[in-house]
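Okay, so here's the structure we're looking at.
The values are calculated or read from the model by the stated rules, or taken from the named source; none is laboratory data. This one's a predicted model, so the numbers in the text were calculated from it and none came from an experiment. Every residue, glycine as well, gets a Cβ built from its backbone with ideal geometry; the counts of neighbours run over all protein chains shown.
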């Protein structure tokens, strides 16, 4: 109606989902990446949930429109109330199979034969179930059973479950455990923020030829966001009525008063058009932190936790400023004794006003005799924060485990260890900071041990948890072992079999000292067995790194957004061949001028094939300056940027064509992201990333690196497959094992106390 009046080719705000109008907000881009990841994997389930009108159906239709029908045969169900038999009939009908008067056995046979035929013709089947929250438990079980169809080791059917938030609750039910184990990834699609809402509106207008008629006042956009909360369908409804109202009044400008009049009009209609009453302020997105209060009472040694939930604002991707390396101020002097963070805050006063609101430290108070102490989780490096975050969340989620207390050694103190990292990972700030500083050698190691001991005296933990093989992990692990405090080691058993590599000896010593050893892969368990570690101390849980990755992908920043915030024009890197990512910080490479020069020469040679973005670690930058190698960087197509936050790095890695790294954690992340990874090392303590995943060991050989990059760019690079238990639930399994172990230990202690008292009671008689 109004289209010709404003010179538009079509209605920009139609309610029906249309892939032509797809808008890649941060949330929609992340959800789309999950779906593409699922398509590539070709098995299991991908779950995407979102509120009504969040854009789920448009997202799915966009994906389906881009699939090659010669490779993927896709069928879509819009479920209503389907039971098990109805589900099978609907699936068969969706794939065009005969269903009339067929029994269940005949339906299953027909579906399996059809799926098998597709595989023999080098095609595969994808089933998309929309409105999946309406499925009955029986229907979901039938879907799970269909996922069992295989030809040899090749799965015959992959399913996407798309639904409202209730679907998440359904899948959390105990009866859904088997299905949950088949879920490769899940994503909850939230609303757009205010900036994205405006971009969305203008995107749809430009799609139909908008040239500024009607003109939209600046004050209109905040009103639209305030009343729609960033939900696409509500935005479409409101904007369509605004254009209609302006057309009827023959206006070529839409102002705030016009918008408010339409909003009031919609509120008076049936259902209110999904329009939300106006509020004075709109709260920003929040990330969760958990705050604990001491239990008021405990009975018979039972562990109880009373928790209250607080919120910490997440720094918006549109407003975040990332400091350059030059802006990172080294800490030259540290306090001599560890302090709880609450003490630091009291001393700093208003100095922290510019920081996000933090959770106050949970002081460990003296506990009654027989009460179990907290679980102390040690962090000191960026990678340790990433890996420990999902375990802390898993511990906090279990009422049968004591509080998790974070002790930060201060081994790394650059921006990457700031509060932003903790916010990105939904992790509360550390309860204790040992403040040892970023010094090297025995001085740092000794300082950690000396300062950790009094912290243990105050905390009186039931368990100390360390991860990996850093100086922090070994120092704190040895102190715990010396004090006869049980020690749990995450990432136990990883071996490169190269004593010159960073952390190899540390990992071996920690595995010897640890009471509980949690492995990320089966080979690690074999290493421990060969070293004489009893199997009853070892548990195969999976990778905490992957837990963190899959948790954060929902909020990962888009690569172009990351580049722009880092001061790099995206068009310089986002070309036809894509871009690569470099990380380089291991002492074995950067602390030697010859090896560092060789590494720079190798990556510059690789950059002849495609440009690379290099988030440079401060220590790497310092060594480059120390060794006079800055000019060598100019020989390659390298965009050297400051250290990036975790959400930024996840975004960069997910969009990369190749990754060059010396980091074990990134080897794991690339495997799950299906990104070809070239390790600038001759060995790796994570051989599964080479044997199963996407990792290739190339060392610093220029020719080998160039060949590997070229193979990847030609589409033949290693994509790999996801190893067992790299499913985002490793720390849940570990927390469950910890709960059982602590319960047994507590019961054993109670029996020992009872036995000690019995002779005394006999004497009294």
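Out of the residues in the range 216-241 that are in contact with a strand residue (DSSP E or B) (Cβ under 8 Å, 6 or more places away or on another chain) and over 22 Å from residue 22 (Cβ atoms), which is surrounded by the fewest Cβ atoms within 10 Å (Cβ to Cβ)? Looking at residues that are in contact with a strand residue (DSSP E or B) (Cβ under 8 Å, 6 or more places away or on another chain) and over 22 Å from residue 22 (Cβ atoms), I get 217. All told, residue 709 falls short of being surrounded by fewer than 23 Cβ atoms within 10 Å (Cβ to Cβ), within 20 Å of residue 614 (Cβ to Cβ), in the same structural domain as residue 590 (by TED's automatic domain parsing) and at pLDDT below 95. Counting the residues of the range 141-170 that are assigned to a helix (DSSP H, G or I) and touching a helix residue (DSSP H, G or I) at 6+ places or on another chain (Cβ under 6 Å) gives 4. One residue alone among 430, 461, 454 is touching a residue at least 60 places away in the same chain (Cβ under 8 Å), more than 21 Å from residue 668 (Cα to Cα) and surrounded by fewer than 18 Cβ atoms within 10 Å (Cβ to Cβ), and that residue is 454. The selection criterion, being part of a helix (DSSP H, G or I) and modelled with pLDDT of 90 or more, holds for residue 388. Those strands (runs of 3 or more DSSP E) of the range 649-736 in which at least 1 residues are free of Cβ contacts under 8 Å to residues at least 40 places away in the same chain, considering only elements entirely within it, cover 677-679, 695-697. For the range 90-103, the tally of residues that are at pLDDT 80 or above and more than 40 Å from the chain's Cα centre (by Cα) stands at 1.
If the condition is being in contact with a helix residue (DSSP H, G or I) (Cβ under 8 Å, 6 or more places away or on another chain) and closer than 16 Å to residue 40 by Cβ, then the range 678-717 contributes 692, 693, 694, 717.
Given the criteria within 27 Å of residue 671 (Cα to Cα), exposed (fewer than 15 other Cβ atoms within 10 Å of the Cβ) and in contact with a strand residue (DSSP E or B) (Cβ under 8 Å, 6 or more places away or on another chain), does residue 66 qualify?
No; evaluated as a whole, the condition is false for this residue.
Suppose the filter is in contact with a strand residue (DSSP E or B) (Cβ under 9 Å, 6 or more places away or on another chain) and assigned to a helix (DSSP H, G or I); does residue 185 pass it? No; evaluated as a whole, the condition is false for this residue.
Applying the criterion of at least 3 residues that are within 22 Å of residue 617 (Cβ to Cβ), under 27 Å from the mean Cα position of the chain (by Cα) and in the same structural domain as residue 674 (by TED's automatic domain parsing) to the helices (runs of 4 or more DSSP H) found wholly in the range 483-601 leaves 559-565. In the set 379, 375, 395, only one residue is over 21 Å from the mean Cα position of the chain (by Cα), modelled with pLDDT of 50 or more, in the same structural domain as residue 429 (by TED's automatic domain parsing) and under 17 Å from residue 428 (Cβ atoms); that residue is 375. Filtering the range 602-645 to residues that are in a loop (DSSP other than H, G, I, E, B) and over 25 Å from residue 560 (Cβ atoms) leaves 627, 628, 629.
Residue-by-condition table, conditions (1) out of contact with any strand residue (DSSP E or B) (no Cβ under 6 Å at 6 or more places or on another chain); (2) under 20 Å from residue 730 (Cβ atoms); (3) in contact (Cβ under 8 Å) with a residue 40 or more places away in the chain:
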position: 493; (1), (2), (3): no, yes, yes
position: 497; (1), (2), (3): yes, no, yes
position: 507; (1), (2), (3): yes, yes, yes
position: 510; (1), (2), (3): no, yes, yes
position: 518; (1), (2), (3): no, yes, yes
position: 551; (1), (2), (3): yes, yes, yes
position: 561; (1), (2), (3): yes, no, yes
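Checked against (1) modelled with pLDDT under 90; (2) surrounded by fewer than 19 Cβ atoms within 10 Å (Cβ to Cβ); (3) under 27 Å from residue 562 (Cα atoms), residue 720 meets all criteria but (2).
Listed here are the residues, each with its yes/no results for (1) surrounded by fewer than 20 Cβ atoms within 10 Å (Cβ to Cβ); (2) at pLDDT 90 or above; (3) farther than 15 Å from residue 662 by Cβ.
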| residue | (1), (2), (3) |
| --- | --- |
| 596 | no, yes, no |
| 605 | yes, yes, yes |
| 612 | no, yes, no |
| 628 | yes, yes, yes |
| 635 | yes, no, yes |
| 642 | no, no, yes |
| 648 | no, yes, yes |
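Is it fair to say residue 45 is in contact with a helix residue (DSSP H, G or I) (Cβ under 6 Å, 6 or more places away or on another chain) and in contact (Cβ under 8 Å) with a residue 40 or more places away in the chain?
No: the conditions fail for residue 45.
Check whether at least one residue in the range 19-41 is assigned to a helix (DSSP H, G or I), out of contact with any strand residue (DSSP E or B) (no Cβ under 9 Å at 6 or more places or on another chain) and modelled with pLDDT of 85 or more, and report yes or no. The answer is yes; a qualifying residue exists.
Table: residues versus (1) surrounded by fewer than 19 Cβ atoms within 10 Å (Cβ to Cβ); (2) at pLDDT below 95; (3) not assigned by TED's automatic domain parsing to the domain that holds residue 620.
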position: 654; (1), (2), (3): no, yes, no
position: 692; (1), (2), (3): yes, yes, no
position: 699; (1), (2), (3): yes, yes, no
position: 705; (1), (2), (3): no, yes, no
position: 737; (1), (2), (3): yes, no, yes
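Identify the residue in the range 430-482 that is in a strand (DSSP E or B) and at pLDDT below 95 and, among all such residues, is nearest to residue 374 (Cα to Cα). The qualifying residue nearest to residue 374 (Cα to Cα) is 432.
The set of residues in the range 109-137 being over 31 Å from the mean Cα position of the chain (by Cα), in a helix (DSSP H, G or I) and surrounded by fewer than 17 Cβ atoms within 10 Å (Cβ to Cβ) consists of 109, 113, 116, 117, 120.
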